[in-house]
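Visitor: Please read through the structure below; I'll follow up with questions.
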Amino acid sequence: MAFFTAMKFFSRSRLSALRGWGRPRVDGRRFVFLYHRIASPEHDPFSLSVSASQFQDHLDILRSYCRMVTLDELLDTRTAKRSILASITFDDGYTDNLTTASPILRRAGIPATFFICTGCLGDVRGFWWDRVATAIAAADIAARALDTLELTKEISFTGDLSSPDARRLATLEIAGRLRSMDVLQRNRIVEELETAVLARTSGTWESCPVLDEAGVRELGSQPLAQLGAHTHNHPMLSVLTPEEQLAEINRSAAILQEITGTRPRFMAYPYGSQQDYSEDSCLAVRAAALDAAFVNHGAPFDPKRHPYRIPRYYVPPLPADDFRNWLHGVIDQ
């Protein structure tokens, strides 16, 4: 239950994908799987991290059921349909994508696409949700002064922060309120949260490093790796104007082109649920001259008719036997 509660922050519709539900696909033998981090952090309230050993197990199991291919091959409707085809993707651009995930993929001979959010390159603190999680997790158990956390006029939290589970729930509640906010407003509140919590506790800071430009360049140079755009500031696109959405997408693609010399062809919407992007988002991807965009909810797999709504399945941090059962629920639906 805690896992499913955590996932509501990123996408309510991911819950259906986790259980193997979703609307029928036009092509039911092609799947895109989504990871974020290959790591074992002390605190992971959003369940974004799969350990290295779990990831290796996942790949072994996936290969026993699917032929692992690039996104280009997966989206090519001329590709033979005798096999179940699957592609691996990563969102955001954490450093462990290069240091941990890429070597495992390379040894297995499995390609992957990494969707990079360019606005936090080189930030060892992580993304804004990592900073919220780190600040709340660092609250000292004895710090009863934090039971009522008055941050700003937009964000306040009243509750018990004296236990790990209470701090996890607080993290999810606060992050859920921040997700749709204006980027500048959101960043200001996160900074105020860090000041309010960390300045009054003896907790430690957990690093969640993001790739810097050199890391992005190295990752993009891997023979089995492809880079994709994931906006610049990781906004909830549906609350932005069409012009702002196009600017976010174009800026991410342009920075990746500047770093690697190659403009990305694919895009993944931040968060990716049906409420997080709109028809204007799809039009913005097309206006940015990108070939396809990926969502994080059930949808028909039909690249010809819906190239900007390609469905993906978020992969939970599951041990081997549980992952095998989960995978059966996905591919047998």
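Visitor: Can you name every residue in the range 210-242 that is farther than 19 Å from LEU105 by Cβ, in contact (Cβ under 8 Å) with a residue 24 or more places away in the chain and small (Gly, Ala, Ser)?
Guide: If the condition is that a residue be farther than 19 Å from LEU105 by Cβ, in contact (Cβ under 8 Å) with a residue 24 or more places away in the chain and small (Gly, Ala, Ser), then ALA229, SER238 are the ones that fit.
Visitor: Continuing with the same structure: Given the criterion basic (Lys, Arg) and assigned by TED's automatic domain parsing to the domain that holds ALA135, identify the matching residue among ARG263, ARG177.
Guide: That would be ARG177, the only listed residue that is basic (Lys, Arg) and assigned by TED's automatic domain parsing to the domain that holds ALA135.
Visitor: Right, next: Hey, ARG37 hits all of (1) at pLDDT 95 or above; (2) closer than 16 Å to LEU327 by Cα; (3) surrounded by 15 or more Cβ atoms within 10 Å (Cβ to Cβ) but one; which does it fall short on?
Guide: (2)
Visitor: Going through the range 75-87 one residue at a time, which ones are within 20 Å of the chain's Cα centre (by Cα) and assigned to a loop (DSSP other than H, G, I, E, B)?
Guide: Once the filter is applied, which keeps residues that are within 20 Å of the chain's Cα centre (by Cα) and assigned to a loop (DSSP other than H, G, I, E, B), the range 75-87 yields nothing.
Visitor: Say we look at the range 177-207 and pick out the residues that are surrounded by 14 or more Cβ atoms within 10 Å (Cβ to Cβ) and β-branched (Val, Ile, Thr); which of these is modelled with the lowest pLDDT?
Guide: THR201
Visitor: Inspect the range 208-224 for any residue being over 25 Å from MET267 (Cα atoms), at pLDDT 90 or above and surrounded by fewer than 21 Cβ atoms within 10 Å (Cβ to Cβ) and give the result as yes or no.
Guide: No, every residue in the range 208-224 fails to be over 25 Å from MET267 (Cα atoms), at pLDDT 90 or above and surrounded by fewer than 21 Cβ atoms within 10 Å (Cβ to Cβ).
Visitor: Of the residues ALA299, ALA268, ALA292, only one is within 15 Å of THR231 (Cβ to Cβ) and aliphatic (A, V, I, L, M); which?
Guide: ALA268
Visitor: Also, quick follow-up: Name every residue in the range 57-74 that is part of a helix (DSSP H, G or I) and farther than 17 Å from ALA229 by Cα, in order of residue number.
Guide: Hits for the range 57-74 are ASP57, HIS58, LEU59, ASP60, ILE61, LEU62, ARG63, SER64, TYR65, GLU73, LEU74.
For every residue, the table says whether it meets (1) in contact with a helix residue (DSSP H, G or I) (Cβ under 6 Å, 6 or more places away or on another chain); (2) not in a helix (DSSP H, G or I).
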| residue | (1), (2) |
| --- | --- |
| VAL190 | yes, no |
| THR195 | no, no |
| VAL216 | yes, no |
| GLN222 | yes, yes |
| THR231 | yes, yes |
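Visitor: Being at negative phi and at pLDDT 95 or above narrows it down to one of PHE55, PHE3, so name that one.
Guide: Sole residue among the options that is at negative phi and at pLDDT 95 or above: PHE55.
Visitor: Find the strands (runs of 3 or more DSSP E) located wholly in the range 88-176 whose residues include 3 or more that are within 24 Å of LEU59 (Cβ to Cβ) and at pLDDT 95 or above, and list them.
Guide: 112-116
Visitor: With the requirement that a residue be of a type outside the set (Ser, Thr, Tyr) and more than 26 Å from ARG179 (Cα to Cα), what does the range 212-237 give you?
Guide: Answer for the range 212-237, where residues must be of a type outside the set (Ser, Thr, Tyr) and more than 26 Å from ARG179 (Cα to Cα): ALA214, GLY215, ARG217, GLU218, LEU219, GLY220, GLN222, PRO223, LEU224, ALA225, GLN226.
The values are calculated or read from the model by the stated rules, or taken from the named source; none is laboratory data. This structure is a prediction, so every number in the text was calculated from the model and none was measured. All Cβ positions, glycine included, derive from the backbone under ideal geometry; neighbour counts span all protein chains shown.
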